[in-house]
Amino acid sequence: MHPPSGDQAARLLSHVLPVDVTGVESWAVGHELTLFPAEAEYIAGAAPLRRREFQDVRWCARRALASMGAPLGPLIPTATGAEFLVQYPTWPSGYTGCLTHCDGYRAAAVAATADVLALGIDAEPHDRLPTPALRRIAGAEESDHLAVLRSEHPEVAWDRVMFSAKESVYKAWFPVTRRWFDIRDCAIAIDPAAGTFTASVPPDSPEGTAAGVPRVLGRWAVSGPLAEGHVVTSAVIR
């Protein structure tokens with residue numbers, strides 16, 4: 001396992017997206033972009049930082065869509081008003097995608113629905129999770145898995161990789177199922193050599209069986225040493 005560094009770190013998405021998914025990422029803040037009226041209305045009352053993040057990820061998304069020849073339009077969350085839908089704008093017909101941002105990083109990924117049913121991406125700072133947060137996301141077997149990974153590759157914040165993987169899975173899984181799951185119910189197994197992970201929803205879970213999506217495959221990559229750089233993950237449902 002060799003995390004990307006140098007020039008590779010400037011292409012984190014290329015490490016986690018399959019060839020039929022287009023990604024655009026940026027480390028800049030405050031991209032110039034004229035929002036569609038519906039977007040401007042949606043974000044009008046938000047704090048300045050939230051507005052910048054909203055604009056920057058749409059800057060990424062429009063470039064990804066344009067590169068695929070997709071029509072451009074407002075990317076605003078669906079009308080339920082639920083906060084966790086903030087990453088689920090309505091995409092142009094025939095396309096699906098996902099947005100993510102964290103301190104110093106913004107990204108969007110887009111695919112044709114003829115190739116991909118749903119996808120999720122997530123970015124996080126490359127730093128270890130606080131212990132209380134780790135207890136909330138990881139079960140006993142996952143904690144043992146993380147302990148082995150840390151002993152073999154202490155240079156990677158594996159707990160943050162696991163958290164990001166669960167976020168990506170949820171972002172891909174929810175648009176397909178319109179169902180919520182507890183983050184501890186999504187079991188993640190990370191392959192440190194291949195840069196991949198497998199996510200499982202328990203087969204006896206009503207959400208998993210009803211949705212017909214009991215298992216999701218994903219990829220991960222990190223840049224920079226601990227407390228520097230970013231963790232990026234993706235999950236794709238075919």
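The values are calculated or read from the model by the stated rules, or taken from the named source; none is laboratory data. These numbers come from a predicted model, not from an experiment. Glycine gets a Cβ as well: all are built from the backbone with ideal geometry, and neighbour counts include every protein chain shown.
Would you pick out the residues in the stretch 167-191 that are in a loop (DSSP other than H, G, I, E, B) and surrounded by 18 or more Cβ atoms within 10 Å (Cβ to Cβ)?
Once the filter is applied, which keeps residues that are in a loop (DSSP other than H, G, I, E, B) and surrounded by 18 or more Cβ atoms within 10 Å (Cβ to Cβ), the stretch 167-191 yields F181, C186.
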Given A70, A40, A66, A44, which one is of a type outside the set (D, E), in contact (Cβ under 8 Å) with a residue 40 or more places away in the chain and not assigned by TED's automatic domain parsing to the domain that holds F174?
A70
Sort through D159, D185, D191, D144 and tell me the only one that's among the acidic types (D, E) and either modelled with pLDDT under 90 or in the same structural domain as Y88 (by TED's automatic domain parsing) (or both).
D185
Report, by residue number, each residue of the stretch 144-166 that is assigned to a loop (DSSP other than H, G, I, E, B) and of a type outside the set (G, A, S).
H153, P154, E155, V156
Output for the stretch 127-181, where each listed residue is without any contact (Cβ under 8 Å) to a residue 12 or more places away in the chain and either within 16 Å of the chain's Cα centre (by Cα) or closer than 17 Å to Y88 by Cβ (or both)
R178
Filtering the stretch 102-117 down to residues that are crowded, with 22+ Cβ neighbours inside 10 Å and under 13 Å from the mean Cα position of the chain (by Cα), which residue is nearest to V222 (Cα to Cα)?
Y105
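Table: residues versus (1) among the aliphatic types (A, V, I, L, M); (2) modelled with pLDDT of 90 or more; (3) in the same structural domain as A109 (by TED's automatic domain parsing); (4) under 22 Å from V19 (Cα atoms).
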| position | (1), (2), (3), (4) |
| --- | --- |
| V148 | yes, yes, no, no |
| P154 | no, yes, no, no |
| S168 | no, yes, no, yes |
| A210 | yes, no, no, no |
For P89, are the conditions met, namely being within 30 Å of M68 (Cβ to Cβ), without any contact (Cβ under 8 Å) to a residue 60 or more places away in the chain and not aromatic (F, W, Y)?
yes
Would you confirm, using the coordinates I've provided, whether E83 is surrounded by fewer than 18 Cβ atoms within 10 Å (Cβ to Cβ), at pLDDT below 95 and of a type in the set (D, E)?
yes
Only one of L35, L17 is modelled with pLDDT of 95 or more and within 30 Å of P192 (Cβ to Cβ); which?
L17
